[in-house]
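Trainee: I'd like to ask some things about the structure below.
What follows is calculated from the coordinates using simple rules that are stated; it is not laboratory data. Since this is a predicted model, take the numbers as computed values, not measurements. Neighbour counts are summed over all protein chains in view; Cβ atoms, including those assigned to glycine, are modelled from backbone coordinates with ideal geometry.
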Amino acid sequence: MNIDKCKVCASKEMKHDYHSSLCMSCLSMHNKNASDVKYHGDEGQNIPTQEKHHLRLENASNRLKILEPFLDMKNLAIVDIGCGSGEILELASEKSRYALGFDINEKLIKHNISRGRKVLNSEFSRTSLEKFTSGNCLVMISHVLEHIEFPVKFLRKIVNQLKKDDYLWIEVPCHEGSSFKSQGYNWDLWYEEHYYLFSLKFKDVILKIFELEEIVYGPRVFCAGSISLKSKVFSLIKSPINAFSFFLNHPNGTFFMDYMLKDYYYLLYRVK
Ligand SMILES: [Zn+2]
């Protein structure tokens with residue numbers, strides 16, 4: 001069924017095809033086949049295998065590396081909302097003043113607690129955080145908003161509890177990179193658990209609604225180890241000029257795949 005009103009920005013200018021309804025204003029691509037998953041039960045993410053744990057740890061480490069130049073992590077409490085299997089918490093507990101996760105999946109909460117990480121079985125609550133630590137925090141919401149039918153409403157409940165000089169990190173999958181362009185609806189990130197693939201315009205929706213200052217944003221991929229050779233070769237063939245100019249500007253090529261594939265966007269804000 002077509003979705004006639006954007007569930008992200010409320011625009012009624014939508015373009016439809018068999019699989020999706022695309023908002024012509026904020027370019028959020030709505031998955032017509034998305035369905036509600038009961039994340040607190042057995043559905044959703046599984047406890048990772050050793051191999052997956054290492055990939056996720058690498059991904060979490062890269063994520064924190066992006067953040068580090070922009071904030072003083074030692075003086076912040078890091079809050080990971082929808083912390084899943086807890087790799088961010090594992091790393092953040094050493095780098096920050098305090099690390100706390102919120103999740104609703106009992107299986108994963110038990111998994112985290114058995115590894116010594118602090119996770120609460122609830123939605124984000126500032127009051128709960130302040131039972132452990134006071135002061136400013138960095139709230140991270142990665143790979144969560146696309147699972148939620150009304151992501152702005154979800155964000156509002158969180159942002160309303162933030163204080164001046166807190167930080168907010170958001171990471172969402174996007175349809176503007178070569179992964180979606182080449183694979184379309186066959187892409188791994190297009191499936192019924194994802195209500196959306198976003199556009200970079202999502203950041204403007206957020207700025208319009210909330211009292212936030214934009215610090216930095218950019219494209220990301222999950223982590224280098226997880227990208228197939230096929231995808232790498234495809235990116236090079238698809239736009240060799242971009243690839244060439246990118247290597248000139250970033251001689252070690254560290255972030256090359258992030259720019260070429262653009263599987264996700266990250267957005268970092270400070271609360272005004
Ligand atoms: Zn929209």
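Trainee: Taking the Cα of TYR18, stepping 7 Å toward and past its beta carbon, and measuring to each backbone N in the range 167-204: which are under 13 Å?
Mentor: Counting backbone N atoms under 13 Å from the label point, the list is 185-186.
Trainee: Further, regarding this structure: How large are Rg and Dmax for the range 76-159 when only the alpha carbon atoms are used, in Å?
Mentor: 12.1, 34
Trainee: Which of PHE180, TRP190, LEU200 sits farthest toward the positive end of the charge dipole of the range 148-214, with +1 on the Cβ of Lys and Arg and -1 on the Cβ of Asp and Glu?
Mentor: Value: LEU200.
Trainee: Separate question: For ILE81, what charge total do you get from the other residues with a beta carbon under 9 Å from its beta carbon, if Lys and Arg give +1 and Asp and Glu give -1?
Mentor: Neighbourhood net charge equals -3.
Trainee: Another one. Taking θ as phi - 60°, what are the ³J(HN,Hα) couplings along the range 60-77 by the Karplus curve (6.51, -1.76, 1.60), each to the nearest whole Hz, with x for Gly and Pro?
Mentor: Using θ = phi - 60°, the values come out as 5, 5, 4, 5, 5, 5, 5, 6, 3, x, 9, 8, 9, 4, 4, 9, 10, 8 Hz.
Trainee: What's the local net charge at PHE70, with K and R +1, D and E -1, over the other residues with C-beta under 12 Å away?
Mentor: Values: positive: LYS65, ARG270; negative: GLU68, ASP72, GLU213, GLU214.
Around PHE70, the surrounding residues sum to -2.
Trainee: Can you tell me the Rg and Dmax of the range 1-136, counting just the alpha carbons, in angstroms?
Mentor: Cα radius of gyration and Dmax of the range 1-136 are 18.3, 49 Å respectively.
Trainee: Next up: Run down the aspartates and glutamates and flag those whose C-alpha is under 14 Å from the C-alpha of LYS32, throwing out any fewer than 8 positions away in its chain.
Mentor: List returned: ASP4, ASP17, GLU146, GLU149, GLU192, GLU193.
Trainee: At SER128 and SER61, where each label point lies 7 Å from the Cα along Cα→Cβ, what is the point-to-point distance in nanometres?
Mentor: Going from the SER128 label point to the SER61 one covers 3.0 nm.
Trainee: What length, rounded to one decimal in nm, is gained on full extension from LYS272 through to LYS74, with 0.36 nm per residue of separation minus their alpha-carbon distance?
Mentor: Going from the current span to full extension adds 69.2 nm.
Trainee: Enumerate the calculated ³J(HN,Hα) couplings along the range 111-116 in order (Karplus 6.51 cos²θ - 1.76 cosθ + 1.60, θ = phi - 60°), each rounded to whole Hz, writing x wherever the residue is Gly or Pro.
Mentor: Each residue of the range 111-116 in turn: 4, 5, 5, 5, 9, x Hz.
Trainee: Let me ask something else about it. Could you tell me the distance between the Cα centroids of the range 33-96 and the range 16-31, to the nearest Å?
Mentor: Between the Cα centre of the range 33-96 and that of the range 16-31, the gap is 28 Å.
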